[in-house]
Amino acid sequence: MRSVSKYFDGGDTVANYKLDMEVDDGEFVVFLGPSGCGKTTALRMIAGLEDPSDGEIYFDDDRVDGMPPADRNVAMVFQNYALYPHMTVRENIEYPLKVRGVPPEERDERVAQVAELLHIEDQMDSDPGEISGGQRQRTSLARAIVREPSVFLLDEPLSNLDAKLRLEMRSELKRIQNELGITTVYVTHNQEEAMSMGDKIVVLNDGTIRQVAEPEELYERPRTTWVAKFIGSPPMNLFEGENRGGTVHLAEGNTLPTPAESSSSTVSVGVRPEDIDVSTDAPDTDWTLPGTVKTVEPLGEYVLVNVEVGGSVVNVKVPHTDATAGDAVHLTFDPADAYLYDENGELVA
Ligand SMILES: Nc1ncnc2c1ncn2[C@@H]1O[C@H](COP(=O)(O)OP(=O)(O)OP(=O)(O)O)[C@@H](O)[C@H]1O
Ligand SMILES: [Mg+2]
């Protein structure tokens, strides 16, 4: 996509603004962002269901914007995958091949192959009404895959499934995409899904790209405070304050060491919940953030402690704690684990 924008309502609604990005051959790219950020619109422009208001879209060296969807050889699967109710699973999968005039023998072969790939061989003679949600989703994926498209476009295809099935389908989809090596763009607002499936994640907000990065890099180096506040569960804690001589002075009088040098007078220090320690005794350090425990949530794998520090809530993840609600505690962290953002919310270090 080269500087692709999409406006609706005569320009009053900006769904996408100057999107610049590239998807490599065989890559699994995820569009991640909150509701209304323009994910579906971007995908629909790749599919040809929507024309860009501005900019260019290429498949390899061929410009495709303006080209009808049927000529692009893309397959799109939506959240509300609609199967033909009066056709069996087999007939549903076979349908796109029939429409394209593929001979019966080749049809049978290709349908059998995708059925095996998606593990739905045993449901082939059932009607869509007789199978589970996960099996229906597999059927709609099979119907898309059987066409052997050059690009696979998926718009929140797992959001109608229950948590367990979602998890299963997540790794299934990734496996299938790997096996077929098919270039895929996957839309979701679920960051766990994005992180676990994507080779590359495109973070969108307000129709614009905020960051393009591999999952690990996105987590390790969120480029702006916006991305920092979006990625992670719970996301990074940010402490805004005044930067004076290597110390950040927070509004409520607390001070923090700066994790890096910056000429910015207003900065934010960012610390992930898992990088903060909580103690009920005052630790022997130059500085601490004194606070009060609001809640303690034992989540099995870790304990999530919400601590009120100077009027804002800090999320802390620890393996274990003796602290309970109402306790006065001290928060500390290693400045080497912290991030520094400048007055524009851009990552300094
Ligand atoms: N056909 C349309 N006419 C007018 N506005 C539209 C149209 N399609 C999308 N929009 C607007 O464009 C913006 C982006 O919508 P889009 O559907 O791309 O968001 P999304 O990221 O897919 O959201 P969600 O996660 O809720 O599906 C929204 O403000 C939406 O209201
Ligand atoms: Mg959408």
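The values are calculated or read from the model by the stated rules, or taken from the named source; none is laboratory data. Note that this is a predicted model, so its numbers are computed, not measured. No Cβ is skipped: glycine too gets one built from the backbone with ideal geometry, and neighbour counts run over all protein chains shown. Surface areas here come from the heavy atoms of the whole protein model, side chains and all, with no ligands, DNA or RNA. Shrake-Rupley method; radii C 1.70, N 1.55, O 1.52, S 1.80 Å.
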Q. Two-decimal Rg/Rh of segment 31-154 from alpha-carbon positions, Kirkwood Rh?
A. 1.02
Q | Computed over segment 115-181, the ratio Rg/Rh where both radii use C-alpha atoms and Rh is Kirkwood | A | 0.94
Q) At a Förster distance of 41 Å, what's the computed FRET efficiency of residue 247 paired with residue 164, Cβ-Cβ distance as r, to 0.05? A) 0.25
**Q.** segment 2-225 - accessible surface per residue (Å², probe 1.4 Å)
**A.** 48
Q: Could you run the Karplus curve 6.51 cos²θ - 1.76 cosθ + 1.60 with θ = phi - 60° over segment 103-114 and give me ³J(HN,Hα) per residue in whole Hz, x for Gly and Pro?
A: x, x, 5, 5, 4, 4, 5, 5, 5, 4, 5, 5
Q. Semi-axes, largest first, in whole Å: what does sqrt of 5 times each Cα gyration tensor eigenvalue give for the chain?
A. 47, 25, 15
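Sorted by packing (mean other beta-carbon atoms within 10 Å per residue), highest first, where do 261-267, 229-235 land?
On the way: 261-267: 14.9, 229-235: 17.4.
Result, highest mean Cβ count within 10 Å first: 229-235, 261-267.
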Q: In square nanometres and to one decimal, what's the mean projected area of the convex hull around the Cα atoms of segment 236-341?
A: 6.3
Q | Cα pair distances in segment 237-286, grouped into 10 Å bins until the bin that holds the longest one, percent each | A | 23, 50, 25, 2
**Q.** the chain, accessible surface, carbon-and-sulfur percent (1.4 angstrom probe)
**A.** 43
Q: Quote the relative contact order of segment 36-94 in percent (integer), defining contacts as alpha-carbon pairs under 8 Å separated by 6+ residues.
A: 24
